[in-house]
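Report on the structure given below.
What follows draws every value from the coordinates through simple rules; no lab data is involved. Note that the coordinates shown come from a computational prediction; the quantities given were computed from them, not determined experimentally. Here Cβ is always computed from backbone atoms with ideal geometry, including for glycine, and neighbour counts include all displayed protein chains.
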Amino acid sequence: MPIFYFVPDREADALKKPLTAERLLRSLGATGKLAGFRCTVYMIECIQEDPEQLQLITKRLYKETGKKFGVSTASIERNLRTLIRFCWNRTDHSFLEHIAGTTLNNPPTNSEFLDILASYLREMGS
């Protein structure tokens, strides 16, 4: 059952900010305290701009992200997996399923998660 909130007019203008990768992750329950948060925001933005990045996720995107943030590709992959689990372990998957456009019985893989969020942001931007 959806939950609706009353937002006064003056606050509604403040909520009209464009949806970003960071705001989308936060709406799924992720916080900036998670080790992979900033890296995940970066990867979603990269895929949002160039969907081809998803094709070589382990050979190109993880490597580029690791270099940018000064960490190994293994830690990029592990931190992303941890962030996905963190979002998944919330009791309600309805918003993630809404973004995915389908029912999710299991947590999405790293590439599925990045693809779902980047695709959703592209749709919201057009």
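The phi-based Karplus calculation (6.51 cos²θ - 1.76 cosθ + 1.60; θ = phi - 60°) puts the 3J(HN,Hα) values of the range 64-77 at 4, 5, x, 5, 5, 9, x, 9, 6, 5, 5, 6, 4, 4 Hz, whole numbers, x for Gly and Pro. In straight-distance terms, cross-link reach from Lys17 covers every one of the lysines whose alpha-carbon lies under 26 Å from its own, apart from those fewer than eight places away in the same chain; here that gives Lys33.
The Cβ shell under 13 Å around Thr65 holds other residues with a net charge of +4, Lys and Arg each +1, Asp and Glu each -1. Using the Cα coordinates of the chain, the gyration tensor eigenvalues translate into equivalent-ellipsoid semi-axes of 26, 17, 14 Å, sorted from longest to shortest.
The three principal axes of the C-alpha atoms in the range 70-126 carry coordinate ranges of 32, 30, 13 Å, sorted with the longest axis first. A cut-off under 15 angstrom between Cβ atoms defines the neighbours of Thr102, and their net charge, with Lys, Arg +1 and Asp, Glu -1, is -4.
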